[in-house]
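Each reported figure results from applying straightforward, stated rules to the coordinates on display, with no laboratory input. Bear in mind the structure is a predicted one, so any value in this text is a computation, not a measurement. With ideal geometry, Cβ positions are generated from the backbone for all residues, glycine too; neighbour counts draw on all protein chains shown.
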């Protein structure tokens, strides 16, 4: 897990060894012996190293050479330290330190190294309080000796980083590791083993904060270095392998986690002396794995093995035992033996307090587990007391006497764990509402959830990786669900609209936070007072990262392992530059950094003010057992909830499969479509007569449901798919990712150079002309209607048409003008597992620069900023659903790129029906209709005219509008200026003529 704090060999640096009257030949011999011993030590030839150190010691004593004597004794300590004989190493280190202080006493590099290595031994032994004392002294001495960064100071920073990490002080640890990084790189090289160890530990800090993808980058880089230097059997691989296993466990990928744990176990068995500590830790990791898969016997077996190994190798109060005792306690908790569980939890606290003192995240974790036991047993007072103790052991200066109080975010050691504690504490207050003052306790619960939500926002801002941001958002939905539950209860109890507004806040907090953050960031590039060069550098590095990610994805498809290796290295260093630049921006441009992440949630009043009398907004939240719905009109705001026992996620999945299948049975379809309407929508719509426009903010699987294809009334037996009372007959329906994002974008009008640009490639060329990575193009059929679709729309809007061979990726990326409408009528390849690899397929036989495949990675950083993107390619709205963020699809990439409104397809429709609907849509838009009504009428027109066999919703319900419903911007006035002048001139002439007639 953590790489061992390696001792520092003082002979790696040139010491000013002074000779006090002794012969030069004798001191030279001592130095040669010490150098030879050092070389042998680095080769792990310990007996021979000791021989030369012993000879150096004899000569030094004989001639009274104190520096040589101190260095010889110090070197004996190094040998024992390398052999992990820690007690003997300390004996030699202390002997050397005493001898130096007694006989010489001045500040010297050897003194700093002795303090450093003593601290390193104490770290490895688990005496972290003692380690801190010696490392702090080493840092102070080195500041006097080395005013500039050096490898000597770097090694001390590295050890101090380890110490901070063990104490749970992750931010301080990261500071020390980053201080060590440049000298490590300069001294050991980018493929040095110690650089790999440093990467492993930096990865651990990112893992601890929950930034799993960034952590994984560091672990994989460390593994690559070790493999290149030493091969697959190298013992040091155990550390990053173990860390990757823990990453996979954190992600819920237990299969891969187990595979890495078993790799580590094999390395430990082959290198037991070097990896005895890791062997204990991996047994503990396996105990955790079997706890999660509910094999409690195996979990206890591995946990006990971990305890035995660590106790035997070190001592029976080593702080690492905390982890294993907690697992054993958790097993007994799962088995319902709470008395035994608490006994093991108490033992876990004891060993941690002994090593770290009373303030530490691991002690806090034990208190949380005990609090959970009390909560399950209905002992709410004890649960709250333990929860406060958990918070107190996370914050050194916090007064925990008032159960309602909490420390400030910057006063705790671990923000991510703190957010979990606050959520748990909120659950206790919520439970207390059933036995005490309900309003007061629910208010207290809501305050805890609010603080937890604020901390989650802060944590997300600190993540470099978007995937880590998405993972955090997905895994903190519990906070928002509990908060909504409390709001609902308070609204039931009081009828106060205050709780409706607070519920709305949590609805919005759970929606598209990552997307909103990214879009806001892209809008900040012209802020005055910000160094544009810094911002340009930020954008350039981000583009480089995305480009390298794209290339790496392509090499994986092609199986080019050599290219993958180099690209991984380049990508790792590019991300490191992003990380460094982010810290510079935060330090030197705090206003920009604050604006970049200032995500204020809109209010219900703000949304309602923008609605007309006939519009209804319904925002959904999917809980574990409940559907929550916030409904807003111009006149009112309501909160509803529906049990999932009435409509499960699985039923919605089933409907999604039926609605997209042209062959589905009518009766099956009708039953499912009507049930969804009756359960989710009817209770809301019945309270809002006179509505003709629905604005849906979906969540979870609802992102895949076309609401206009739901059915509001029973269908007669034998009816065709043209007959039902689809919602589209009564409502124009559009969708939003979040209302906050919508409120920021609505009403924004821009002038465009063109009204329309359309692309319709052909796929008639020889498939063999396409690159191997696009071999799936061989399965693509020509889209016969798209060419006509783009031609008609281009003529309608007097726009630009890129047809057939001109519909290239290069032409799309290099448009020399802005455009109101972007229309892409082409095939798309969707990758559900890696959404960034989803792509649009242009013509590529005439494109000598691009490959014809526009990947989602590339779209993210294109300066599109169009008013409407119409993606009539297949499946452009399809992708991986991320809880809270919606669908990670190609259409989402266009939103990032600046297209506020998207018409997209949720599944593959037939070419003919798509062309008909698109043609009507564009005609309706040109006639000035609102976007949602333009799409609705286009679908209704198709439904009315289509053959009964072609009227299945799979043909028309696939297209959905995400964005505002406003009409397109009016034509540029420049084209009509002369007309207005002419009309004005005619009016004036007429007036003059009439006056003359009157006269």
Chain lengthening between residue 256 and residue 679 when straightened (0.36 nm per residue, less Cα-Cα): 148.3 nm
Listed peptides 701-709, 643-651, 296-304, 49-57 by packing density, highest first (mean Cβ within 10 Å): 701-709, 49-57, 296-304, 643-651
FRET efficiency estimate (nearest 0.05) - Cβ-Cβ, residue 613 to residue 496, R0 22 angstrom: 0.30
Distance between modelled label sites at residue 720 and residue 624, nm, 7 Å Cα→Cβ extension: 4.9
Net lengthening on full extension, residue 458/residue 796 (0.36 nm per residue, minus Cα-Cα): 116.9 nm
Chain lengthening between residue 270 and residue 220 when straightened (0.36 nm per residue, less Cα-Cα): 15.8 nm
Mean Cβ count within 10 Å, highest first, over the residues of peptides 362-369, 143-150: 362-369, 143-150
Simple label model, 7 Å out from Cα along Cβ direction - residue 606 to residue 148, nm: 5.2
Protection proxy ranking of 488-501, 915-928, 201-214 - average other beta-carbon atoms within 10 Å, highest first: 201-214, 915-928, 488-501
R0 of 51 Å, Cβ-Cβ distance residue 753-residue 569: FRET efficiency to nearest 0.05: 0.75
The stretch 954-970 residues near the modelled residue 912 label - backbone nitrogen below 15 Å, point 7 Å along Cα→Cβ: 955-956
Pairwise label distance in nanometres, residue 185 with residue 730, each label 7 Å out on the Cα-Cβ vector: 6.3
Pairwise FRET efficiency - residue 405 versus residue 687, Cβ, R0 = 41 Å, nearest 0.05: 0.50
